[in-house]
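> Quick one: the structure is below, questions incoming.
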Amino acid sequence: MEVPVYLFTGFMDSGKTSLITETLLENDFGTGNRNLIIACEDGEVEYDEEKLGKIDTTVVGVESEETFTREYLQACDAQFRPEQVFIEYNGTWEAARILEMQLPKDWVIVQTLATVDASTYEMYLSNMRPMIMEQLFHADVVIFNRCTDETPKAKFRRSIKAVNRKAQIVYEREDGTIDENDMEELPYDINQDLIHITDEDYGIFYLDVQDNPKKYEGKKIRFLGLVYRPEKFGKKPLFMPGRFVMTCCVEDIQFIGFKCKYDKAAEIPHKSWVDLTAEIHHEFAKEYRGKGPVLYALEVKKAQPPQDELVYFN
């Protein structure tokens with residue numbers, strides 16, 4: 001029988017212990033099952049093992065990264081025979097260690113949740129960006145807790161979506177309630193007849209048009225783009241305008257662009273810069289392996305490179 005494993009990642013004191021406890025005790029998630037919590041770090045909040053014991057939940061601790069092995073997990077499986085497993089992963093360990101580890105027979109990671117302390121996130125983002133992003137990269141759900149009215153939710157959301165498009169993002173206020181107001185305040189007027197996307201706003205535009213295709217359907221946009229058109233495109237009426245974006249660090253620079261249909265595409269040199277005006281339609285494209293934003297060029301002008309050729313998700 002399959003044993004579901006719930007993986008909780010995030011830095012120390014980001015709320016992992018509280019979330020696991022709340023899930024098991026308050027949401028009745030643990031009732032009727034034999035549960036095992038594997039705690040890989042000691043934070044400020046401790047598990048109430050007496051209360052957890054009443055719902056057939058055992059807590060075990062892992063002393064060091066070296067002892068967190070498949071053999072250790074197999075020993076836990078043999079001793080406790082869990083029907084559900086909750087792993088509170090250490091925020092300083094490489095996430096790849098658990099994600100690539102061969103788990104005991106029948107253990108399957110069914111959900112990964114990452115907790116983030118909203119009050120310290122920007123500090124970590126500035127000083128330890130690659131490390132914190134590794135904890136969030138594979139998360140199915142990212143929970144920002146300790147949010148206030150001043151929490152820059154749109155900025156936080158973009159920083160996550162830049163590296164993990166599939167993540168569901170939740171904002172929890174200091175009193176424990178969920179903040180449902182996650183409206184993105186765009187830096188441009190989407191109701192304009194022609195939406196001008198500046199260099200600074202390209203990253204925001206790219207994410208928003210992917211997440212909200214309906215509100216961009218039929219809209220006309222203009223932006224400065226770098227042309228991706230290798231020789232294999234031949235005479236196809238197609239090119240890919242976009243920009244190079246830096247997500248975490250220099251090593252993570254990548255090109256993000258859109259499929260664009262244009263009759264004179266073959267005349268546009270690869271890696272040239274263009275001032276593009278186009279109309280957006282959400283439709284199937286094999287380049288996306290599904291539906292996505294497809295641009296129909298209305299005007300393409302040769303342009304000079306911008307002062308900073310990189311864009312950022314900020």
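> Show the residues, 5+ positions off or on another chain, whose built amide H is closer than 5 Å to the amide H of MET12.
Result for MET12 returns GLY91.
> With the convex hull built on the Cα atoms of the chain, state its orientation-averaged projected area in nm².
Hull-based average projected area comes out at 19.2 nm².
> What length, rounded to one decimal in nm, is gained on full extension from GLU200 through to ASP263, with 0.36 nm per residue of separation minus their alpha-carbon distance?
Roughly 19.8 nm would be gained on extension.
> Would you list which lysines come within 18 Å of LYS51, measuring only between C-alpha atoms, while excluding same-chain residues fewer than 8 positions from it?
Straight-line reach from LYS51, under 18 Å: LYS16.
> Okay, moving on. With an 8 Å cut-off on Cα pairs and a minimum separation of 6 or more residues, tell me the relative contact order of region 173-243 in percent.
In percent, rounded to a whole number, it is 25.
> Also, quick follow-up: Which whole-number percent is the relative contact order of the chain (Cα, under 8 Å, 6+ apart)?
With pairs under 8 Å counted, the relative contact order is 14 percent.
> Note the full-extension length gain between ASP140 and GLU122 as 0.36 nm times their separation in residues minus their Cα-Cα distance, in nm to one decimal.
Going from the current span to full extension adds 4.4 nm.
> Measuring from label point to label point, each 7 Å out along Cα→Cβ, what is the GLU309 to ASP179 span in nm?
3.8 nm
> Amide H of ALA285: which non-local residues (sequence gap of 5 or more, or other chain) have their own amide H closer than 5 Å, using H built in the peptide plane?
Long-range HN contacts for ALA285: GLY290, LYS291, GLY292.
> Would you mind checking the tilt of helix 70-80 against the longest principal axis of the Cα atoms of the chain, expressed as 0 to 90 degrees and rounded to 10?
Relative to the chain, helix 70-80 is tipped by roughly 50 degrees.
> Still on this structure: Please work out how much length the chain gains when fully extended from THR67 to GLU94, using 0.36 nm per residue of separation minus the C-alpha to C-alpha distance, in nm with one decimal.
Length difference between fully extended and current span is 8.3 nm.
> Farthest toward the dipole's positive end in the chain, which of THR198, TYR262, PRO82, given Cβ charges of +1 (Lys, Arg) and -1 (Asp, Glu) about the Cα centre?
Going by the charge dipole, the pick is TYR262.
> Among MET240, MET101, which comes first, then next, by fewest other beta-carbon atoms within 10 Å?
Ordered from fewest to most neighbouring Cβ atoms within 10 Å, MET240, MET101 come out as MET101, MET240.
> Which value, in Å to one decimal place, does the Kirkwood hydrodynamic radius take for region 3-179 when every pair of different Cα atoms is included?
16.7 Å
> On to the next question. So, in nm, how far is label GLU46 from label PHE80 when the simple model puts each one 7 Å beyond its Cα toward the Cβ?
Inter-label distance under the simple model: 1.7 nm.
> Okay, next question. Taking the Cα-to-Cβ direction at PHE284 and at ASP56 and moving 7 Å from each Cα, how far apart do the two end points lie in nm?
Between PHE284 and ASP56, the simple spin-label model gives 4.8 nm.
> Which one, ILE178, PRO152, LEU19, projects farthest toward the positive side of the charge dipole computed for region 3-179 from Cβ point charges (K/R +1, D/E -1)?
PRO152
> Have a look at ASP106, ASP140, ASP117 and tell me which one the Gaussian network model of the chain (Cα, springs below 10 Å) gives the largest fluctuation.
ASP106
> Can you put ARG165, ARG173 in order, fewest other beta carbons within 10 Å first?
In order of increasing Cβ crowding within 10 Å: ARG165, ARG173.
> For the chain, set up a Gaussian network in which alpha carbons nearer than 10 Å are linked by springs, and say which option among PHE255, PHE233, PHE156 fluctuates the most.
In this elastic network of the chain, the residue with the biggest mean-square fluctuation among PHE255, PHE233, PHE156 is PHE233.
Each value in this text was obtained by applying a stated rule to the coordinates, not by laboratory testing. Note that this is a predicted model, so its numbers are computed, not measured. So basically every Cβ, Gly included, is an ideal-geometry build from the backbone, and we count neighbours across all protein chains shown.
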